[in-house]
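Engineer: Have a look at the structure that comes next, please.
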Amino acid sequence: MGISSARATIATCEVALPSSTTTPVLPRGTGSQWDATDVNNPNVIYDPVGARYVMNYSGYYNGGTAPGTNVQHAGLAYATSMAGPWTKDANNP
């Protein structure tokens, strides 16, 4: 499915992503992308310099024998609101 909820602590204020079981805020990748099997372990911080939220998350693709498959990788995604839309970094694995 994808990441459907996460929490971010900003100074002393905690903000929660909206929780949804049907529409994840950060979906899995498609096809044989590095995060096509699962995305998980989100950590969100607010970047005051860039005026955006930054999500560090893990993911993997379980579907082959090529190097880099079946291995957990880390990726980044960005949004100007906790509710999204979240955009995956073009430099992710």
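We did not get these values from a lab; they are worked out from the coordinates using the rules stated. Predicted model only: the values in this text are computed from it and were never measured. Cβ placement follows ideal geometry from the backbone for every residue including glycine, while neighbour counts extend to all protein chains displayed.
Engineer: What is the set of long-range amide H partners of residue 53 at a cut-off below 5 Å, with H atoms built 1.01 Å from backbone N?
Structural biologist: 47, 79, 80, 81
Engineer: Modelled label-to-label distance, residue 52 and residue 89, 7 Å Cα→beta-carbon offset: nm?
Structural biologist: 1.1
Engineer: Please state the shape class of the stretch 24-93: rounded when a/c is under 1.5, otherwise prolate if a/b exceeds b/c and oblate if not, all from the C-alpha gyration tensor.
Structural biologist: Numbers: a/c = 2.66, a/b = 2.25, b/c = 1.18.
Prolate.
Engineer: Residue separation times 0.36 nm, minus the C-alpha to C-alpha distance between residue 30 and residue 81: what's the value? All intermediate terms of the calculation are to be shown ahead of the outcome.
Structural biologist: Working: separation 51, 0.36 × 51 = 18.36 nm, distance 2.39 nm.
So the chain would gain 16.0 nm between residue 30 and residue 81.
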